[in-house]
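Step one of this worksheet: look at the structure below.
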């Protein structure tokens, strides 16, 4: 059963989170009571809520694309996968982030990674619980700013001054 579950999750990753996405995959592979939860967003429950979320997310970020990295790991009804991805906000305003909203076509780009645990029930995705690098994504989108450090503050728009931070993913920081 673990291999079958990995195949279901592999299709879900490709057709739900990949680009182009296949909206029909929700009815095909999700249970009617599916729960999708990532810390950046409020939990989504049921196919209609998941469809609405992904439709709005992809309208706001038309190039949105996530892909698996490494092998899927399966045990019983659980499948774990690591992923990377992101997109550029060139579409309508988007207000589904817990930390704020983006005005239309902000031009902000987010690139981040995470790990997701999916529960498969009778060949369908029943639960998707993810842990993403929300801090990096929210910083890149300008929804949070880092506090002042040694007299240096983030620039308008959220960029850090050159050489200020050594964390991967931040612009202009040393590696």
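The values are calculated or read from the model by the stated rules, or taken from the named source; none is laboratory data. Here the structure is a predicted model, which means the values were calculated and not measured. Glycine gets a Cβ as well: all are built from the backbone with ideal geometry, and neighbour counts include every protein chain shown.
Only one of the numbered conditions (1) in contact with a helix residue (DSSP H, G or I) (Cβ under 8 Å, 6 or more places away or on another chain); (2) at pLDDT below 95 is violated by residue 136, and that is (1).
Among the strands (runs of 3 or more DSSP E) confined to the range 54-151, the ones with at least 2 residues that are surrounded by fewer than 18 Cβ atoms within 10 Å (Cβ to Cβ) and touching a strand residue (DSSP E or B) at 6+ places or on another chain (Cβ under 8 Å) are located at 65-75, 78-88, 109-121, 124-132.
If you go through the range 27-43 and pick out every residue that is in a helix (DSSP H, G or I) and in contact with a strand residue (DSSP E or B) (Cβ under 8 Å, 6 or more places away or on another chain), you end up with 1.
Based on what the data block shows, is residue 158 over 30 Å from residue 1 (Cβ atoms), in contact with a helix residue (DSSP H, G or I) (Cβ under 7 Å, 6 or more places away or on another chain), surrounded by 18 or more Cβ atoms within 10 Å (Cβ to Cβ) and modelled with pLDDT under 95? Against the criterion (over 30 Å from residue 1 (Cβ atoms), in contact with a helix residue (DSSP H, G or I) (Cβ under 7 Å, 6 or more places away or on another chain), surrounded by 18 or more Cβ atoms within 10 Å (Cβ to Cβ) and modelled with pLDDT under 95), residue 158 qualifies.
Here are the criteria: (1) over 24 Å from residue 50 (Cα atoms); (2) in contact with a helix residue (DSSP H, G or I) (Cβ under 7 Å, 6 or more places away or on another chain); (3) modelled with pLDDT of 95 or more. Tell me which single one residue 108 does not satisfy. Among (1) over 24 Å from residue 50 (Cα atoms); (2) in contact with a helix residue (DSSP H, G or I) (Cβ under 7 Å, 6 or more places away or on another chain); (3) modelled with pLDDT of 95 or more, residue 108 violates only (1).
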